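Here is the structure we will look at, set down as structure tokens.
What follows is calculated from the coordinates using simple rules that are stated; it is not laboratory data. Quantities reported herein were computed from a predicted structural model and do not represent experimental measurements. For neighbour counting, all protein chains shown are included, and Cβ atoms are generated from backbone atoms with ideal geometry for every residue, glycine included.
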Amino acid sequence: MKYRLRSLLPSVGGSASAILGFIILLAVWWTITALFQVRAVILPTPPAVWHALMMMAADGSLRQDIATSLVELFWGFGIGTMAGLVCGGAMAQWRWVDAFLEPVIETFRFILPFSLVPLVVVWFGVSLTGKIFVVAYACYFVVVINTAAALRDVDPYILKAAAMLGVTGWRRMLGVVFPAALPRILTGLQVALAYAWVSVIAAEYIGSMAGLGYLITNAQSGLDTAQVIAGMVVIGAIGLIFSQIVMLVRRLTVPYASGSSW
């Protein structure tokens, strides 16, 4: 009986198991609202959230808010990532750069990007520049630390083998060191992307006139909990898509170190 039941369940780590997890969550949510007669302002039913989502999609506001948040994300992530990769590579390559930057990075990385939002509003108002600054700040420290550590921690046997073959200088960096460090660098980029997406939403809570964070804040002020949860669902879904894209890129670029994904 136990083996028959196990054969009916989806395989662990597969797409079916992920879908089943969401179905169970949805069923529990629906059951709680039905059994306990929870007020809509506290916890709306799944159909109410779906209706709010469709209404926002129909009037075009959802599309505009998603576009605003994605623009802020891509610019901030791009700037923060490029700066982190360059500084991380320089720290790993030259000791004097590491000696200069490491104390600064170790100090500022503990200042959360969310704590900068009120100051950024004073500096940039509710403009796009402020959100991009917060996102770039959030990404930079994750990327620079992971990049520097990945390049420093390359297996010394790989470096010895390259030296025996006469591979030195930039040829060694680009052909040996960087490919060996790439899996860990990509992991850092995946974490940085998650930080960036969270930072976009957090920045929009306080200083914004558009975006998914603004959507949630505006709905909360009107006690429209269904719209709040609908915005949260969209944020989570986009984050999930980003995560899967990064995992796909990882499998394509470093198949020798790819992780599991559903």
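Write out the chymotrypsin sites (Phe, Trp or Tyr not before Pro) in the stretch 79-146 meeting two conditions: DSSP loop, and at most 16 other Cβ atoms within 10 Å of their Cβ.
On the way: sites: TRP94, TRP96, PHE100, PHE108, PHE110, PHE114, TRP123, PHE124, PHE133, TYR137, TYR140, PHE141; in loops: TRP94, PHE110.
Counting only loop positions with at most 16 other Cβ atoms within 10 Å, the chymotrypsin sites (Phe, Trp or Tyr not before Pro) in the stretch 79-146 are TRP94, PHE110.
Within the stretch 12-98, which trypsin sites (Lys or Arg not before Pro) sit in a loop by DSSP and count at most 12 neighbouring Cβ atoms inside 10 Å?
Values: sites: ARG39, ARG63, ARG95; in loops: ARG39.
Within the stretch 12-98, the qualifying trypsin sites (Lys or Arg not before Pro) (loop, at most 12 other Cβ atoms within 10 Å) are ARG39.
Compare the Cα positions of TYR157, ALA83, SER243 along the charge dipole of the stretch 46-257 (+1 at Cβ of Lys, Arg; -1 at Cβ of Asp, Glu; about the Cα centre) and return the one farthest towards the positive end.
TYR157
Tell me, what HN-Hα J-couplings in whole Hz come from the Karplus equation 6.51 cos²θ - 1.76 cosθ + 1.60 at θ = phi - 60° for each residue of the stretch 247-255, using x for Gly and Pro?
5, 5, 4, 4, 5, 7, 8, 10, x
Which of rounded, prolate, oblate describes the stretch 46-257, given a ≥ b ≥ c as roots of the alpha-carbon gyration tensor eigenvalues and a/c under 1.5 marking rounded, otherwise prolate only if a/b is larger than b/c?
Details: a/c = 3.53, a/b = 1.94, b/c = 1.82.
It is prolate, given that a/c is not under 1.5 and a/b is the larger ratio.
In what order do ASP224, ASP59 fall by count of nearby beta-carbon atoms within 10 Å, going from fewest to most? Could you put the intermediate results ahead of the total?
Working: ASP224 18, ASP59 10.
Fewest to most other Cβ atoms nearby, the residues stand as ASP59, ASP224.
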